[in-house]
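Please read the structure below before turning to the comments.
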Amino acid sequence: MKLDVNVLRYLSKDDFRVLTAVEMGMRNHEIVPVELIDRIASLRHGGTYKVLKNLLKHKLLHHDSSKYDGFRLTYLGYDFLAIKTLVNRGVFSSVGRQIGVGKESDIFEVANEEGEIMAMKLHRLGRTSFRAVKSKRDYLRHRSSFSWLYLSRLAALKEFAFMKALQEHGFPVPNAVDCNRHCVIMSLVQGYPLVQVKELQNTNTIFEKIIGIIVRLAEHGLIHCDFNEFNIMIDDDEKITIIDFPQMVSVSHRNAEMYFDRDVECIIKFFSKRFNLSFEADAGDSDSDSDAESDSIKPRFSSIKKASGFLDKELSASGFSRKEQADIEKFTLEKIPGSDDEEIEEEEEDEGEIQNFDSLCSLTNDEEQVKACGNSGDVEEEDQQQLSEGKQPVKSDQVKDDDDDDDDGGDDDDGELAERLAKQRRRAIQAARAGRKSNNGSRNAYKDKGAKSSHNSKIQKQQMASSNW
Ligand code: ADP
Ligand code: MG
């Protein structure tokens, strides 16, 4: 994807205000009705429409008039919101060339005022795996274009949290600088991915170091889950740096041992093929799975003394809930053939839909917006009550003026939301009838989030006012 940051210079405060209004509207709308954008942005008379045209021209928004006249953010629009926030924070001041294209990310160089160059990773969940998952089980049936915001943000937040924690525990990872929305800023690694390296001076040492990192991660309660030649950087002095953490799991994950073995095997295979590393006990057959080979070079998951709770502790410290962790795992972990993943996911599918829907309230990790997150939950509860009484649901993202009592402009044809809420309600009734006690944090999350919807509109207004336009 081309990131023409020159456009950034020509965007006005109003442009960003409207772009942010669309982002807020996407909490509850796949396509945000124009009237709602206008209401949230609260620009002077008629201003919103002109701005929308400009944003559309620069491909920061996508226009959709199939059901009603509305807009959604494009990845580029989301990029600009994150970049603008980080620039305002003084994290960096310019964006340079693209230095990497991952499976689901774009990596650029950025520089701060002092001329220090860093790496900016923009997560793009949905670019590949969404489609794969979608084709398998149509998980995102009706919400594909707003869930990517949520999942990409989670991927970035998780990556940032892990990078920081791993660095603090002495692992060779980039320095985690900052994070906003789907964007992570980290130190620039000097070197190349191991996949580009044809020859090593100290093949055995490097191999042992890498296997040692996998073991040490497990000792800290973690498995990388994508530990391969693409995610190991090496410089001219053969110093290693590990990157790419959104898919890491705890050693207590149900498939932990398989993920661990897969990481180990990836490295063994790569080293034997690329560097002809032979493993003594295995007498030249490096691809074999013999016991002799396992005993000699493969660390055994079962014999590692594993710490527990590291992952939970680190993630909750960074504001990451268990539910969010479960959501992101669904989309970042590749399935291992023969594992029990598929089965469990089928069982959890409905649960997942609800969790995902609940979580749409949190689109950015700005402190103010975290506050607003809780409030969206409240309104969902209200929506459900009203639905059960046969009324039209009120949209939680309709930021109203205190004297604005007409709230249905442009939203009345959001049948999808109503349908989802009705479905959610039916399930809750079913569960209640079956005597199932719901311990699910996501479903009940709204209960302890305090505020009511009138408070909600106030906080959202504050949030708009306190953003740095
Ligand atoms: P993905 O999750 O999409 O696989 P990665 O984090 O693995 O993304 O990054 C993709 C590529 O970008 C890497 O292979 C590497 O070449 C480059 N890259 C990523 N992070 C950095 C960094 N901190 N410094 C230098 N290059 C990086
Ligand atoms: Mg990678």
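Any read-out appearing in this document is the output of simple, stated calculations on the displayed coordinates, not a laboratory observation. Keep in mind it's a predicted model, so treat the numbers as computed, not measured. Every residue, glycine as well, gets a Cβ built from its backbone with ideal geometry; the counts of neighbours run over all protein chains shown.
Extension gain for Ala326 to Gln98 (0.36 nm times residue separation, less C-alpha to C-alpha distance): 79.0 nm. Subtracting the Cα-Cα distance of Lys198 and His45 from 0.36 nm times their residue separation leaves 48.8 nm of extension gain. In the stretch 225-271, the ratio of gyration radius to Kirkwood radius, Rg to Rh, stands at 1.02 when only Cα atoms are counted.
Percent relative contact order of the stretch 26-122, based on C-alpha pairs within less than 8 angstrom and at least six residues apart?
Once divided by the residue count of the stretch 26-122, the mean separation gives 17 percent.
Modelled spin-label separation between His169 and Glu219, with each label point placed 7 Å from Cα along the Cα-to-Cβ direction: 1.1 nm. Placing dummy labels 7 Å off each Cα toward the beta-carbon, the span from Ser252 to Glu113 is 4.5 nm. Using all pairs of distinct alpha-carbon atoms, the Kirkwood hydrodynamic radius of the stretch 1-43 works out to 11.2 angstrom.
Measuring nothing but how far apart in sequence close Cα pairs (under 8 Å, 6+ apart) lie, relative to its length, the stretch 161-246 scores a relative contact order of 32 percent. Gyration tensor analysis over the Cα atoms of the stretch 154-212 returns equivalent ellipsoid semi-axes of 27, 14, 9 Å (largest first, whole Å).
Take the alpha carbon atoms of the stretch 43-116, find their radius of gyration, then divide it by 2.2 N^0.38 Å using N residues; give the quotient.
The value comes to 1.40.
In the frame of its principal axes, the stretch 1-130 has Cα extents of 43, 35, 22 Å, reported largest first. In the structure shown, do any of Lys59/Lys121; Lys269/Lys306; Lys13/Lys59; Lys239/Lys273; Lys53/Lys121 have a Cα-Cα gap over 23 Å, and if so which? Distance filter (> 23 Å) returns Lys269/Lys306; Lys53/Lys121. Go through the stretch 9-60 and name the GluC sites (Glu not before Pro) that are in a DSSP coil and have 13 or fewer other Cβ atoms within 10 Å of their Cβ. Of the GluC sites (Glu not before Pro), not one in the loops of the stretch 9-60 has a Cβ with at most 13 other Cβ atoms within 10 Å. Remark: for residue pairs Lys298/Lys330; Lys158/Lys298; Lys158/Lys313, the C-alpha separation exceeds 19 Å in Lys298/Lys330; Lys158/Lys298. From most to least packed by mean Cβ count within 10 Å, the peptides 7-19, 223-235 give 223-235, 7-19.
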